[in-house]
Structure formats: structure tokens, C-alpha cells
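S.K.: Handing you this structure, nothing more for now.
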Amino acid sequence: MARLISSLFSISSGASIGREGGMVQMSALFASSIGRFFNFTRPKLRLLVACGAAAGLASAYNAPLAGALFIAEIVLQSLAIEVLGPLIIASVVATITIRHWIGISPIFTLLSFKGPIDIEILPILGLGVLAGFISPLFLFMLDYTKRLFNFLNLPLPLSLALGGFSVGIISLHVPEVWGNGHAVIESLLNGHPEQDFVFDLFVLKILATLAAVGSGAVGGVFTPTLVLGATSGWLYAHQLQTLFTLTDIDTVTYVVLGMGAFLAGTTHAPLMAILMVFEMTLDGNRLFPLILVAILARYLSAVIRPTSVYGQTIKNFQGRLHYVMQVSDIQSPVSTVINMNASAELVSQLFCLSPIQLIWVTDDLGFYQGAISLHDMKPFLGDSGLKHVSAASVFMETNVPTISPEDALTDAYAAFAKTDAERLPVINSDRLLVGELIKNNVLLSLVK
């Protein structure tokens, strides 16, 4: 909450920083609180927190699909349906909710919705190459600025004050460097600014963002990155017009493509960048060239600088890798267990009252004996003769794979590969039933 309040003051005072940071953190905090209140397992809690973050980002930019892909591609680094499905649902619901207040219109509006444009392949590829070179340079400057502020070793209030003072000095020449830059992008898309102004804005926006982020201000670099992409795209288009006077260059197109290319180059998440720019403009005519520049900028940027703008942060806070985790890290309490002497009628009722596919069987001391499958009992459900039959003696099977709490999670993958079961019993060295392992939790543990 302290970071959220700090972000609120930074953004409202004009710091050159994005607004998504505080919204994502607050949403993730809210999701985490819900998950902990209901005692979610660790994999499901991590997924719920990710859903909260995706909902916060989608709300900030009115972009549900891009919000989900941002978390999937950058944070979780997985596009598995077990991950992407819940993220999309959370983002869509959040966007529907926020549109009650902000409406359904895209964040950025264009002068006109033109028909399919004539694609100039070489100039478009040139913009992708340019963004692929500039974006890693911007990231190198961000790293250097952070190290510089760390070297000064100022108390946090003084560090933030120095960053704010620097932004203030820069804004004396170009006040448009204030804030996250939404109004600037609108002017580039719908106005006719001068080249000198756009160039000054590009350079000074970089300096203002470096000062704000390096000082420790809480926020994000998402929208400032879009501003840098938009200005670089505008400058690139203007130079094309100067060099090739007979070529009809659509400046607005290159502003849009510049945003996508620069975003892909800094985040190394081209799918998210493509969808984000598309959802913010709702202009499908520029989708194909947007794909070209985003993919090209991403791979060229990754060659120059393998780590994205979020790479170091994710590396610092990443949890244990799945190949060093144990079953005990993600096992769940036993859901349903019966005694060896339980009647088949009781087991039949348990199957009818819950969606489980397997019921574990133990003796009087809690030692694991086997499992009863719904598939085996289904033909006899409701049969009055089950009352006098021992379920274990007739329906129990012992071929369900078991696993130990100390086993590596990689052993769990192998165990599930041998069966169609969605859960496996967790048995300790004394053969006591101490929990169960859910297949979906194992799949979620693959997420980094």
C-alpha cells in the first residue's frame, strides 16, 4: 500500500513514469489476499496473483487480451492454456467492469479509419531495425542511471527529490515530458507537430524517464516506452518524406508501428506488444505491418541485450525452479478417504456428492491400501445391494501410482504420464497417506 500511495504522488506530480505499476501491484495484492484467505495451494495462489496483475494492467489500458499476454509472456513466461485461460478471463472481466466508467472507446484515437494501406515493406522493416537498436540502448541507459543513483546512496526521500528536480529542470524546455505521455501520443496521432519539437521531446523524454525511474519512483515504464516508440516512428517517417519526396508516407502509420516496435524491443514480448497497440487503437488496417516490426525489433533487441526491461526484476524475485522442487512443496490435503470396512453404498454416495474421480482407502491406522475409481463403480451407483458389500473388497485397485513427499517434481511428471488420474496419493516412508497431488498444480508448477 505504501508503494501504491508513492506511485499516486509520483504520477500526479508529473513524474515521467507509467501509471500501470501501482494498479498492477494493488490488483495483485487484492488477489493474493483472497487466495490466502481461502488457503489456496501455492500453484493456484501464484496463478490467482497473476490473474490480479493481468486484471490491473487490462484496466489501466482498456486492453484485455494484451493485459493477459503481458503477464503470460513476461512474468509467468508460459502460454499454456492452464495459465492463459484464467488470465484472459480475469482481464476481460476487469475490462468490462472498468468500461462502465471509461467507455468502450480505444485509448488512442486516429484521425480517420482508412482502408487497407499500401505496405512499404522495406521502410517498415527499417523501422523495426531502428527500434531493435534503440530499445536496448534505452535499457542500458536505464541500468546505468539506476547504478548511478545507487552510487550516490542518498536517503530515499532525497533520491526521489533529486529525480523530481531533474524532471522539473528538463520540463522547463519541453513541458510535455511530464506524466506518462498519453497526451503526447494523441498529438502525434492527430496533430502536425514540428520536427524540432518531436526530436527534443524524444531526447528529453528519455532523460526525464531515466531520472524518474532511476530515483526509485514507483510506477512503470510502459507508457513512456510507448511515447519513445511514437516519437521515433514520427521522426523516422519525417525523414522518409524528406529523403523520398515522391513517396506518400502516412506518418500516423509509423507512429503506431513505432509504438509496437519499441514496446516489443524493450519487453521482448512481441505478441503482447502487437495486441496492446491494436487494442489501444482498434485499427486492424495496420495489424500486418505491426506484426513485422514487432517481431523484427524483438529479436534484434534480444541479440544486443538478452534481458528485457523486466528481466532483472523477474530474475531477482523468481521462485524455486520446478526441477528442484519437491512434491511436498505443492501437495494438498486429502480430499476424500474411506476405511477398508466402508460399505459400497457409502462410497456410492460420496461419488454422487462430489466431482472426484478417485477415493483413497486406508486401514484403521491410516496406512494407504489402494483407491476406488468412479469408473469402476459407475454401473452400480444406486444399486440397493451395495449396502451389504465392502467397497474395498470389490472395487479397490492398487495400480494407481503413488508418490512420496520427498520425491522431485520431475518424478511427479513421470507418475502422471503412467495414468489418466487427475490426482495421485502422497505416501510417506511408513506408507501413511499424508496428502494428494493434483495434476493441474503440477502443470502450473511448470510456470517459471
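S.K.: Determine whether segment 67-76 contains at least one residue that is over 22 Å from residue 224 (Cβ atoms), modelled with pLDDT under 80 and surrounded by 22 or more Cβ atoms within 10 Å (Cβ to Cβ).
M.R.: The answer is yes, given that some residue of segment 67-76 is over 22 Å from residue 224 (Cβ atoms), modelled with pLDDT under 80 and surrounded by 22 or more Cβ atoms within 10 Å (Cβ to Cβ).
S.K.: Let me ask something else. Are any residues in segment 359-378 touching a residue at least 60 places away in the same chain (Cβ under 8 Å) and small (Gly, Ala, Ser), and if so, which ones?
M.R.: 366
S.K.: Can I ask one more? Has segment 150-159 got any residue that is part of a helix (DSSP H, G or I), buried (at least 16 other Cβ atoms within 10 Å of the Cβ) and among the hydrophobic types (A, V, I, L, M, F, W, C)?
M.R.: No, that holds for no residue.
S.K.: Is there a residue in segment 118-127 that is exposed (fewer than 11 other Cβ atoms within 10 Å of the Cβ) and modelled with pLDDT under 70?
M.R.: Looking through segment 118-127, at least one residue is exposed (fewer than 11 other Cβ atoms within 10 Å of the Cβ) and modelled with pLDDT under 70.
S.K.: Any chance segment 83-93 includes a residue that's closer than 23 Å to residue 275 by Cβ, surrounded by 18 or more Cβ atoms within 10 Å (Cβ to Cβ) and of a type in the set (Gly, Ala, Ser)?
M.R.: yes
S.K.: Here is a further query. Does any residue in segment 171-186 that is free of Cβ contacts under 8 Å to residues at least 12 places away in the same chain come within less than 8 Å, Cβ to Cβ, of a residue that is among the acidic types (Asp, Glu) six or more places away or on a different chain, and which pairs are these?
M.R.: Pairs found: 183/176.
S.K.: Out of all the residues in segment 424-447, which are touching a Ser or Thr at 6+ places or on another chain (Cβ under 7 Å), touching a residue at least 40 places away in the same chain (Cβ under 8 Å) and part of a loop (DSSP other than H, G, I, E, B)?
M.R.: Result: 446, 447.
For every residue, the table says whether it meets (1) within 17 Å of the chain's Cα centre (by Cα); (2) at pLDDT 80 or above; (3) under 19 Å from residue 69 (Cβ atoms); (4) in a helix (DSSP H, G or I).
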site	(1), (2), (3), (4)
256	no, yes, yes, yes
263	yes, yes, yes, yes
273	yes, yes, yes, yes
276	yes, yes, yes, yes
295	no, yes, yes, yes
299	no, yes, yes, yes
308	yes, yes, yes, no
319	yes, no, no, no
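S.K.: Would you mind stating whether residue 127 is in the same structural domain as residue 270 (by TED's automatic domain parsing) and not in a helix (DSSP H, G or I)?
M.R.: So residue 127 does not fit the description; no.
S.K.: Right, next: Any residue at all in segment 229-242 that's buried (at least 24 other Cβ atoms within 10 Å of the Cβ), assigned to a helix (DSSP H, G or I), out of contact with any Lys or Arg (no Cβ under 6 Å at 6 or more places or on another chain) and among the β-branched types (Val, Ile, Thr)?
M.R.: Yes, the conditions are met somewhere in segment 229-242.
S.K.: Now for a separate question. Take residue 280 and tell me if it is in contact with a Phe, Trp or Tyr (Cβ under 6 Å, 6 or more places away or on another chain) and either of a type in the set (A, V, I, L, M, F, W, C) or outside any helix (DSSP H, G or I) (or both).
M.R.: yes
S.K.: Could you grab the pairs with beta carbons closer than 9 Å, sequence gap of 6+ or different chains, first residue in segment 87-111 and in a helix (DSSP H, G or I), second one modelled with pLDDT of 85 or more and loosely packed, with under 14 Cβ neighbours inside 10 Å?
M.R.: Every condition considered, no pair remains.
S.K.: Step by step: first the residues of segment 13-66, then only those that are under 30 Å from residue 328 (Cβ atoms) and outside any helix (DSSP H, G or I), then the one that is modelled with the lowest pLDDT. Which residue is that?
M.R.: Among those residues, the one meeting the criterion is 41.
S.K.: How about segment 7-40: which of its residues are surrounded by 19 or more Cβ atoms within 10 Å (Cβ to Cβ), more than 15 Å from the chain's Cα centre (by Cα) and of a type in the set (Val, Ile, Thr)?
M.R.: Residues satisfying the conditions are 11, 17.
The values are calculated or read from the model by the stated rules, or taken from the named source; none is laboratory data. These figures come from a predicted structure and were not determined experimentally. A quick note on method: Cβ atoms are made from the backbone with ideal geometry, for glycine too, and the neighbour counts reach across all protein chains shown.
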